[in-house]
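A.B. asks: Quick one: the structure is below, questions incoming.
None of the figures in this text is laboratory data; all of them are computed from the coordinates on show. The shown structure was predicted, so the numbers you read here are calculated from the model rather than taken from an experiment. Ideal geometry is used to build each Cβ from the backbone, glycine not excepted, and the neighbour counts take in all protein chains shown.
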């Protein structure tokens, strides 16, 4: 099985006629340098941060309740208090135990649920990027007249490169990246504070 990918590549290559052309791309480089990848990763980090902050809030609330529980437990065992007071604090402790169990269960449910949501969201957004890359690869291959495109960043189960040798002229990575990043937003240059102040002064003079 470890040589299965090699056998597939060689079997496909052996069936190609002389008129058919094969190109390569570096899929890892395309994914890393496509501008939408960074946008999506930032969005995922922000969403994960929202979930972490809420989980931290739940944890802090639980710790505050646990502290209050310990204080109440001490009162329920304080022999200096009357039996009636101790019984009252004992009842409060019983209620707190139930509340704390509920809080812990809520935290576990929330953590598991949001972990699943993040995994699903990450997979969906990643597939969106890959679909765009695939479309750009198809366009580049059609434009240059290639019939097949192989991923030269791919690895076999042994860790060896899937594409061992390829002529430099058949690498479409640069052309595909150019196509993918055509729509990249242009960052606006920040206006220096000194310039902004001079403009304000000029307006005031008028």
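A.B. asks: Can you put 39, 22 in order of Cβ neighbours within 10 angstrom, beginning with the fewest? List each step's numbers first, then the result.
C.D. replies: Numbers: 39 14, 22 18.
In order of increasing Cβ crowding within 10 Å: 39, 22.
A.B. asks: Mind checking the full-extension length gain between residue 66 and residue 122? Use 0.36 nm per residue of separation minus the Cα-Cα distance, one decimal, nm.
C.D. replies: Full extension of this stretch gives 16.6 nm more.
A.B. asks: Same structure again: What distance in nm lies between label points placed 7 Å from Cα along the C-beta direction at residue 147 and residue 98?
C.D. replies: 7.5
A.B. asks: Alpha carbon centre of region 122-190 versus region 25-72: separation in Å?
C.D. replies: Between the Cα centre of region 122-190 and that of region 25-72, the gap is 30 Å.
A.B. asks: Now for a separate question. Over the residues of region 14-162, compute the C-alpha Rg and express it relative to 2.2 N^0.38 Å.
C.D. replies: It is 1.99.
A.B. asks: How far apart, in nanometres, would the label points at residue 88 and residue 108 be if each is projected 7 angstrom from Cα along the Cα-to-Cβ direction?
C.D. replies: Reported label-point gap for residue 88 and residue 108 is 3.5 nm.
A.B. asks: What does the extension gain come out to for residue 48 and residue 171, with contour length at 0.36 nm per residue minus their alpha carbon separation?
C.D. replies: Length gained, residue 48 through residue 171: 40.6 nm.
A.B. asks: Could you list 63, 81 in order of exposure, starting from the residue whose Cβ has the fewest other Cβ atoms within 10 Å?
C.D. replies: With the sparsest Cβ surroundings first, the list reads 63, 81.
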